[in-house]
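A.B. asks: Can you keep this structure in mind? I'll have questions shortly.
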Amino acid sequence: MNRKEPKGDYIVRATAYQGAVRAFACRTTVLCRKAVRLHRLSPISAAALGRLMSGALMLAHDLKESHQSITAIVRGDGPMQGMTVVAQGDATVRGLVIQPVVETRYARPGKLDVGSAIGRGTLTIIRDLGLKEPYMGTVQLVSGEIAEDLTYYLATSEQIPSAVSLGVRMGPEGISHAGGLIVQLMPVADESVAEHLERRVVGFPDVSSLMEDGFNPHQLLDLLLGDPDIRYLSTAPCAYACPCSTDRMRQNLVALGRTELTELALDPNGIDLQCHFCSKSYHFNQDQVQGLLDQAD
Ligand SMILES: [Zn+2]
């Protein structure tokens, strides 16, 4: 079998048990480190955002077109308050945390207490396929630990029985390993496959500790599925990337509407905007802002 196993961050998609099972796995260590640098995240925020980015990337790996996207929004009453992640069909992801710095607490030794930092709240998934209306579903958070919340979302909102495991491991120098996997039962799966898979999922080791032991995404799926006929369908390098541009920022300004733009156009210094996802700065001088007034209504 010809399998390509890239060295850096990547996602892989597979089927097993004659199509009864669909699975994804990813390694996201480098892109999670980039998010930490961009947003100066404290360890718990880094773990939370890393888990959500890994989960969203795997969900987006099922999209047909590169511009289609999955947006995952978590809102909670804990100190982190929430986060937003956008993953696209081209295997890029971007994200932000409302409160990037929260106090480091452990649920048990070595296990950051992400659930308490997020608190009680909701998870919303927006599936934008470029059609008129995006598909949107919201569920209550189960634990705020992200993997359980995504599992619950997939089961209730999309009616797909799934097992989701996400891990971000911290070392003395920051993130040492990050990644995840999703295994889903397709409607054609019979009872015996379902039971077999459930036995394998229960007690399966933590993804990040397996990665620490050297497992790559392909090997994670090999180990979990245990099917000699597993078929790897696609492999893609994944990265943190933001598609923001002067043109997009201009459109955002126009969308503010005439009243607000008129007010902004009074400032002789023009306006400065910063992208929340990648921190890139954009400047529009007074003439340019006035020029946008003609496009707004
Ligand atoms: Zn940006």
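The values are calculated or read from the model by the stated rules, or taken from the named source; none is laboratory data. If you're wondering where the values come from, they're calculated on a predicted model, not measured in any experiment. For neighbour counting, all protein chains shown are included, and Cβ atoms are generated from backbone atoms with ideal geometry for every residue, glycine included. These area figures cover heavy atoms from the full protein model, side chains too; ligands, DNA and RNA do not enter into them. Shrake-Rupley method; radii C 1.70, N 1.55, O 1.52, S 1.80 Å.
A.B. asks: What do you get for Rg/Rh over the stretch 74-196 if you use C-alpha atoms and the Kirkwood form of Rh?
C.D. replies: Here the Rg-to-Rh quotient is 0.99.
A.B. asks: I would also like to ask the following. Net charge near V21: determine it from the other residues with C-beta under 15 Å of the C-beta of V21, scoring Lys and Arg +1 and Asp and Glu -1.
C.D. replies: Summing Lys and Arg as +1 and Asp and Glu as -1 gives -3.
A.B. asks: Work out, step by step, the length gained on full extension between D229 and D267: first 0.36 nm times the residue separation, then minus their alpha carbon distance; give nm to one decimal.
C.D. replies: Full extension of this stretch gives 7.1 nm more.
A.B. asks: Right, here's the next one. If amide H atoms are built 1.01 Å from N in the plane of the peptide, which residues on other chains or at least 5 residues away come under 5 Å of the amide H of H177?
C.D. replies: Placed amide hydrogens put R169 under 5 Å from H177.
A.B. asks: Shifting gears a bit: Compute log10 of I(q)/I(0) for the chain with the Debye formula, placing one identical point scatterer on every Cα and leaving out solvent, at q = 0.08 Å⁻¹, to two decimals.
C.D. replies: Each listed q corresponds, in turn, to -0.38.
A.B. asks: Further question: What does the accessible area per residue of the chain come to in Å², with a 1.4 Å probe and no ligands, DNA or RNA counted?
C.D. replies: That works out to 50 Å² for each residue.
A.B. asks: For the chain, which whole percent of the accessible surface, found with a 1.4 angstrom probe, sits on carbon and sulfur atoms?
C.D. replies: Roughly 50 percent, rounded to a whole number.
A.B. asks: Select from the chain the helices, each a whole stretch of DSSP H, whose alpha-carbon atoms run 20 Å or more along the helix axis and whose Kyte-Doolittle mean is at least 0.5; answer none if there are none. Before the final figure, lay out the partial values.
C.D. replies: Working: long enough: 43-60 (25 Å, 1.33).
Both cut-offs are met by 43-60.
A.B. asks: Rounded, prolate or oblate: which fits the stretch 1-131, taking a ≥ b ≥ c as square roots of the Cα gyration tensor eigenvalues, rounded meaning a/c under 1.5, else prolate when a/b beats b/c?
C.D. replies: prolate
A.B. asks: Quick one: putting +1 on the C-beta of Lys and Arg, -1 on the C-beta of Asp and Glu, what dipole do you get for the stretch 246-293 around its Cα centre, in Debye to the nearest 20?
C.D. replies: Rounded to the nearest 20 debye, it is 200 debye.
A.B. asks: I've got another one for you. Bin by bin, in steps of 10 Å, what percent of the Cα pairs in the stretch 84-152 do you find, going until the bin that has the longest distance?
C.D. replies: That works out to 16, 41, 32, 9, 1, in percent per bin.
A.B. asks: How would you order 193-206, 54-67, 158-171 from highest to lowest mean count of nearby Cβ atoms within 10 Å?
C.D. replies: 54-67, 158-171, 193-206
A.B. asks: Let me ask something additional. Just name one of T122, T151, V183: the one whose Cα is farthest towards the positive end of the charge dipole of the stretch 119-272 (beta-carbon charges, Lys/Arg +1, Asp/Glu -1).
C.D. replies: T122
A.B. asks: Also, I was wondering about something else. Using a 1.4 Å probe and ignoring any ligands, DNA or RNA, find the accessible area of C242 and quote it in Å² to the nearest 10.
C.D. replies: For C242, the solvent-accessible surface is approximately 40 Å².
A.B. asks: Taking all protein chains together and a probe of 1.4 Å, list D190, D128 from the most accessible to the least accessible.
C.D. replies: Listed by decreasing accessible area, they come as D190, D128.
A.B. asks: Compute the separation of the alpha-carbon centres of the stretch 1-63 and the stretch 171-239 and state it in Å as a whole number.
C.D. replies: Cα centroid to Cα centroid, the span is 11 Å.
A.B. asks: With +1 on the Cβ of every Lys and Arg and -1 on the Cβ of every Asp and Glu, and nothing else charged, how large is the dipole of the stretch 205-297 about its Cα centre, in debye rounded to the nearest 20?
C.D. replies: So the dipole magnitude of the stretch 205-297 works out to roughly 260 debye.
A.B. asks: Could you pull out the trypsin sites (Lys or Arg not before Pro) across the stretch 75-164 that fall in loop regions by DSSP (anything but H, G, I, E, B) with no more than 15 other Cβ atoms inside 10 Å? Write out the running numbers ahead of the final one.
C.D. replies: Values: sites: R75, R94, R105, K111, R120, R127, K132; in loops: R105, R120, K132.
Filter output for the stretch 75-164: R105, R120, K132.
A.B. asks: Straight distance only, please: which aspartates and glutamates reach the Cα of K132 with their own Cα at less than 16 Å, same-chain residues fewer than 8 apart left out?
C.D. replies: Correct list for K132: E65.
A.B. asks: A further question follows. If the only charges are +1 at each Lys and Arg Cβ and -1 at each Asp and Glu Cβ, what is the size of the charge dipole of the stretch 10-240 around the Cα centre, to the nearest 20 debye?
C.D. replies: Charge dipole of the stretch 10-240: 760 debye, to the nearest 20.
A.B. asks: Then there's this: Length gain on complete extension for the stretch D294 to D206, per 0.36 nm per residue less the alpha carbon to alpha carbon distance?
C.D. replies: Once the chain is fully extended between D294 and D206, it gains 26.1 nm.
A.B. asks: I've got another one for you. Can you give the calculated 222 nm mean residue ellipticity of the chain, where each DSSP H run of n ≥ 4 adds -39,500 (n - 2.57) and the sum is split over every residue, rounded to the nearest 500 deg cm²/dmol?
C.D. replies: -9000 deg cm²/dmol
A.B. asks: Averaging the inverse of every distinct alpha carbon separation and then flipping it gives the Kirkwood radius. What is it for the stretch 1-76, in angstrom units?
C.D. replies: Final number for the Kirkwood radius of the stretch 1-76 is 14.3 Å.
A.B. asks: Can I ask one more? At a 4.7 angstrom Cβ threshold, list every cysteine in the chain that has nobody to pair with, or say none.
C.D. replies: C26, C32, C238
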